[in-house]
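The values are calculated or read from the model by the stated rules, or taken from the named source; none is laboratory data. Note that the structure is a prediction, hence the values are computed from the model and not measured. Cβ atoms come from the backbone with ideal geometry, glycine included; neighbour counts cover every protein chain shown.
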Amino acid sequence: MKKTILITGTSSGIGKAAVYEFARQGWNVIATQRNPEKEMDFKDLENVHLNRLDVTDPQTIEETMSQVVKKFGKLDVVINNAGYGVDGAFEAMSDEIIAKQFDTNVFGLMRVTREAIKIMRPASNGIIIQISSMGGKITFPLYSIYHATKFAVEGFSESLHYELAQFGIKIKLIEPGPIVTDFYGRSRQFIKPVDTDQYDRFIQKFNEAAQKVMKEAEGPEVVANVIYRAATDSSTKMRYAVGKPGPMLLILRKLLPDSLYFLMVRKSYNL
């Protein structure tokens, strides 16, 4: 019997790559987007089903989950991938910008997770895969709000796994490093003060270093492969680091004292 998976944020990047990977493996794939009517890439994939789901709109989540149960009778895996990144100087970030970032990356993920649990608990089976980031365990300049959301996802998911284990539900965290996606393109929201130029030099150094890193970044397919492994390896492993140099940096963060790690980051950004 085919397994069924629901993936949020499938219009591009990691979400889209995950749809292709699970479809190739023969799963029933519910690919969700805020505007599915614009999606053309999945039309020839028979086992891919497009649904409207906006993680900031609880009604669309509930409706889609209900449709999944009616159509397939179960939900084996959920991938919480929907999200975007805000970076820039915190001083210039309004309450509205901060709230929107948390509403999508944290509260939206929580909403989908909660509805997934309601389906998986009675079946005593299921896997919820959260697309976190290496930025949920380590930090870099100018990503204070984004890091705050991913640290929240890590803490929420780790705590949640204790109460869900009794129901046979597993929580997995995928922690990508730099990946070539729209995160650094149309999905990026960069915030810069308009009433001072005192951040300009800092921002310039950061952007120059970030561009060098992205030249060596891997594509979203490598993350999709790891997501598939997390969904099928039958292990109790929780965290999966992927995308160089992410795994190495996560190890260094554990081994180095704060002072040395912070020095390493400053030097890498020429700060």
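Some notes on this structure:
- Checked against the criterion of being part of a helix (DSSP H, G or I), aliphatic (A, V, I, L, M) and within 24 Å of LEU173 (Cβ to Cβ), the candidates LEU250, LEU263 yield just one match: LEU250.
- Within the range 1-46, the set of residues being hydroxyl-bearing (Ser, Thr, Tyr) and not in a loop (DSSP other than H, G, I, E, B) comprises THR4, TYR20, THR32.
- Listed here are the strands (runs of 3 or more DSSP E) enclosed by the range 47-106 that have at least 3 residues being under 20 Å from the mean Cα position of the chain (by Cα), aliphatic (A, V, I, L, M) and surrounded by 14 or more Cβ atoms within 10 Å (Cβ to Cβ): 77-80.
- Residues satisfying the stated conditions in the range 231-245, i.e. crowded, with 19+ Cβ neighbours inside 10 Å and within 19 Å of PRO178 (Cα to Cα): TYR240, ALA241, VAL242, GLY243
- Filter result for the condition that a residue is more than 30 Å from ASN125 (Cβ to Cβ) and of a type in the set (Gly, Ala, Ser), over ALA231, ALA210: ALA210
- Of all residues in the range 73-92, those satisfying the criterion of being of a type outside the set (D, E, K, R) and in contact with a Ser or Thr (Cβ under 8 Å, 6 or more places away or on another chain) are LEU75, VAL77, VAL78, ILE79, ASN80, ASN81, ALA82, GLY83, TYR84, GLY85, PHE90.
- Looking across ILE171, ILE119, ILE179, ILE131, one residue alone is of a type in the set (A, V, I, L, M, F, W, C) and touching a His at 6+ places or on another chain (Cβ under 9 Å). It is ILE171.
- Some residue of the range 149-167 being hydroxyl-bearing (Ser, Thr, Tyr), exposed (fewer than 15 other Cβ atoms within 10 Å of the Cβ) and in a loop (DSSP other than H, G, I, E, B): no
- Pairs with Cβ under 6 Å, 6+ apart, first in the range 140-161 and touching a residue at least 12 places away in the same chain (Cβ under 8 Å) and within 20 Å of LYS205 (Cα to Cα), second part of a helix (DSSP H, G or I) and β-branched (Val, Ile, Thr): ILE145/ILE98
- Filter pass, TYR228 being modelled with pLDDT of 90 or more, surrounded by 16 or more Cβ atoms within 10 Å (Cβ to Cβ) and either touching a Pro at 6+ places or on another chain (Cβ under 7 Å) or in a strand (DSSP E or B) (or both): no
- When PHE190, PHE206, PHE262 are checked against the criterion of being more than 26 Å from SER12 (Cα to Cα) and hydrophobic (A, V, I, L, M, F, W, C), a single residue qualifies: PHE262.
- Scanning the range 107-140 for residues that are of a type in the set (Lys, Arg) and surrounded by 16 or more Cβ atoms within 10 Å (Cβ to Cβ) yields ARG111, LYS137.
- Output for the range 110-139, where each listed residue is closer than 24 Å to ASP57 by Cα, part of a helix (DSSP H, G or I) and in contact (Cβ under 8 Å) with a residue 60 or more places away in the chain: VAL112, ALA116
- Scanning the range 208-225 for residues that are at pLDDT 85 or above, assigned to a loop (DSSP other than H, G, I, E, B) and of a type outside the set (A, V, I, L, M, F, W, C) yields a total of 1.
- Flag for VAL29 being without any contact (Cβ under 8 Å) to a residue 40 or more places away in the chain, touching a Ser or Thr at 6+ places or on another chain (Cβ under 9 Å), hydrophobic (A, V, I, L, M, F, W, C) and buried (at least 19 other Cβ atoms within 10 Å of the Cβ): yes
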